[in-house]
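J.: This structure is in structure tokens; I'll ask about it shortly.
The values are calculated or read from the model by the stated rules, or taken from the named source; none is laboratory data. Everything numeric here is computed off the predicted structure, so don't read it as measured data. Glycine gets a Cβ as well: all are built from the backbone with ideal geometry, and neighbour counts include every protein chain shown.
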Amino acid sequence: MKKTGNYSAKTREIVKKHGGEKSALIAVLQDIQEAFNYLPKQALKTAASAMNLPLSRVYEVATFYTAFSLKPRGEHVVKICMGTACHVRGASSIQDKFERTLGIKPGETSADGKFSLETVNCVGACALGPVVVINTEYHGQVTMAKVDKIVGKINKEGAQS
Amino acid sequence: MVNMIIDGKNVAATEGTMLLEAIRGAGISVPTLCAHESVSRSGACRLCVVEIKKGNRTRIVTSCLYGVEEGLVVNTKSDRVQNVRRLVMELLLARCPESGLLQKMAQEMGIAPQLRFALDTDKGTCILCRSCVRVCEEVVGVSAIGLFARGSHKTVGTPFMEQSEACIGCGACAYVCPTDHIVMTSTGDKRKIWGRTFKMQACSKCGKFFAPVDQLKFISKKTGTSFEELSVCTECR
């Protein structure tokens, strides 16, 4: 299988970049996630053997941190902040709006693979609440109308490229 | 040797040992679940708590992890200790209501399940003490199992909850498990554990199925002893 080979080769490259150090496991997993947008099973197995770590240890770390995803994620990951400040400023209705607009629930990816929805606990931008982070871009003081605008803009950009 | 006072008795203990051993050595019983002689201590079950007094201060510590100290005053049955222990037991009971061992221990301690703690139905009898994970890493040396996810979703298992290639079917995890959460079934020449079926090796002398083939291969590889030599059960050796 070509895809499996790709995962292994790229993963080995990432491990090598970090010098194969066991303590670099989290950094390696972050890089793998950056490369594939999630943590593929094959990549975890390759990383474990390349770093001389038991697979169980790698899987423990991968499942512990919510920043890691073991399921393929969409092109655009929408993270809705559910921290206290955002919550009191209406994050749950923003979440509701995103769920209806994208047709997915938190933890899911849209059928076209374009969007993933996630809820996070605090992104450290409480003054801008409610905050929504899409990929690495922060959107502050999000309103219902703004949700449509943001999603519309991403859809338009995707159609152009 | 260090001298301590445990429940009003003068007790001497060897330096470097843990309080739990000193207390038990003095003939005082302390309930524990996760302190197993074969694995390192982790203080996971929290049932071994005792109250220690240094100077004018007292505090609660897990006796299985607290090293003996000169002049320490230990109380294993104070109200504070009993309260902490009761809460720990109540929470363990709520997590594993089906566990026969926990039920028995709770009864002996006079503790009943509390309504305020909703009973878990999906945890089996696992108290997440990590003894199995530690024995697999420290004693067996294959690290086939681990504790995955976090918080209330935390579960013990094999990576991806699939049949593990690293597992050698030795059953050490099932042996150390204090609450018998890990199920291992052996029938004839087959042994089933962690969803995988292992072929058992028959003793070349008496013909009894005594160990998984994979385990013998692993030992042979590690120690350099030939597989044929290992294919004789301990009774015939």
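J.: Restricted to segment A:122-142, and to residues that are of a type in the set (S, T, N, Q) and at pLDDT below 90, which residue is farthest from residue A:38 (Cα to Cα)? Give the steps one after another, and end with the answer.
T.: Step one: of segment A:122-142, the residues of a type in the set (S, T, N, Q) are A:135-136, A:141.
Within this subset, residues satisfying the condition of being at pLDDT below 90 are A:135-136.
Details: A:135: 13, A:136: 16 Å.
Per the criteria, the residue is A:136.
J.: Have a look at A:62, A:48 and point out the one that is over 20 Å from the mean Cα position of the chain (by Cα), crowded, with 19+ Cβ neighbours inside 10 Å and hydrophobic (A, V, I, L, M, F, W, C).
T.: Numbers: A:62 fails: over 20 Å from the mean Cα position of the chain (by Cα).
The conditions single out A:48.
J.: Working only within segment B:158-174, note down all residues that are on the phi < 0 side of the Ramachandran plot, within 11 Å of another protein chain (Cβ to nearest Cβ) and of a type outside the set (Asp, Glu).
T.: Residues of segment B:158-174 on the phi < 0 side of the Ramachandran plot: B:158-159, B:162-168, B:170, B:172-174.
Next, only the ones that are within 11 Å of another protein chain (Cβ to nearest Cβ) stay: B:158-159, B:162, B:164-167.
B:158, B:159, B:164, B:166, B:167, listed by residue number.
J.: Filter segment B:184-237 for residues that are among the basic types (Lys, Arg), in a helix (DSSP H, G or I) and loosely packed, with under 14 Cβ neighbours inside 10 Å and give the result.
T.: First pass over segment B:184-237, keeping only residues among the basic types (Lys, Arg): B:190-192, B:196, B:199, B:205, B:208, B:217, B:221-222, B:237.
After this cut, where a residue has to be in a helix (DSSP H, G or I) as well, the list is B:217, B:221-222.
B:221, B:222, listed by residue number.
J.: Also, I was wondering about something else. Kindly provide the set of residues from segment B:107-133 that are assigned to a loop (DSSP other than H, G, I, E, B) and either within 14 Å of another protein chain (Cβ to nearest Cβ) or under 14 Å from the mean Cα position of the chain (by Cα) (or both), ordered by number.
T.: Just the residues of segment B:107-133 that are assigned to a loop (DSSP other than H, G, I, E, B), to begin with: B:109-130.
Answer for segment B:107-133, where residues must be assigned to a loop (DSSP other than H, G, I, E, B) and either within 14 Å of another protein chain (Cβ to nearest Cβ) or under 14 Å from the mean Cα position of the chain (by Cα) (or both): B:125, B:126, B:127, B:128, B:129, B:130.
J.: May I ask you to say which residue of A:16, A:97, A:41 is over 18 Å from the mean Cα position of the chain (by Cα) and outside the structural domain of residue A:145 (by TED's automatic domain parsing)?
T.: One residue alone meets the criteria, A:16.
J.: For residues in segment B:134-149 being facing chain A (nearest Cβ under 10 Å) and in a helix (DSSP H, G or I), which is farthest from the chain's Cα centre (by Cα)? Walk me through how you get there before you give the answer.
T.: Pass one, segment B:134-149, residues facing chain A (nearest Cβ under 10 Å): B:136-137, B:141-149.
Next, from what is left, pick out any that are in a helix (DSSP H, G or I): B:136-137.
Details: B:136: 12, B:137: 13 Å.
Checked segment B:134-149; the qualifying residue farthest from the chain's Cα centre (by Cα) is B:137.
J.: Scan segment A:27-69 residue by residue and report those that are part of a helix (DSSP H, G or I), within 13 Å of chain B (Cβ to nearest Cβ) and among the aliphatic types (A, V, I, L, M).
T.: A:43, A:44, A:47, A:48, A:55, A:58, A:61, A:62
J.: Only residues that are surrounded by 15 or more Cβ atoms within 10 Å (Cβ to Cβ), over 23 Å from residue B:137 (Cβ atoms) and touching a residue at least 12 places away in the same chain (Cβ under 8 Å): list them for segment A:1-17, please. Steps first, please.
T.: Step one: of segment A:1-17, the residues surrounded by 15 or more Cβ atoms within 10 Å (Cβ to Cβ) are A:6-8, A:10-12, A:14-15.
Still in the list and also over 23 Å from residue B:137 (Cβ atoms): A:6-8, A:10-12, A:14.
Those that are surrounded by 15 or more Cβ atoms within 10 Å (Cβ to Cβ), over 23 Å from residue B:137 (Cβ atoms) and touching a residue at least 12 places away in the same chain (Cβ under 8 Å): A:7, A:8, A:10, A:11, A:12, A:14.
J.: Give just the number: which of (1) within 29 Å of residue A:21 (Cβ to Cβ); (2) charged (D, E, K, R); (3) away from chain B (no Cβ under 14 Å) does residue A:79 not satisfy?
T.: (1)
J.: Right, another one. Against the condition within 30 Å of residue B:35 (Cα to Cα), of a type in the set (Ser, Thr, Tyr) and over 22 Å from the mean Cα position of the chain (by Cα), how does residue B:223 come out, does it pass? If you could, list the steps in order and put the result at the bottom.
T.: Values: within 30 Å of residue B:35 (Cα to Cα): yes; of a type in the set (Ser, Thr, Tyr): yes; over 22 Å from the mean Cα position of the chain (by Cα): yes.
Here the answer is yes, as residue B:223 does meet what is asked.
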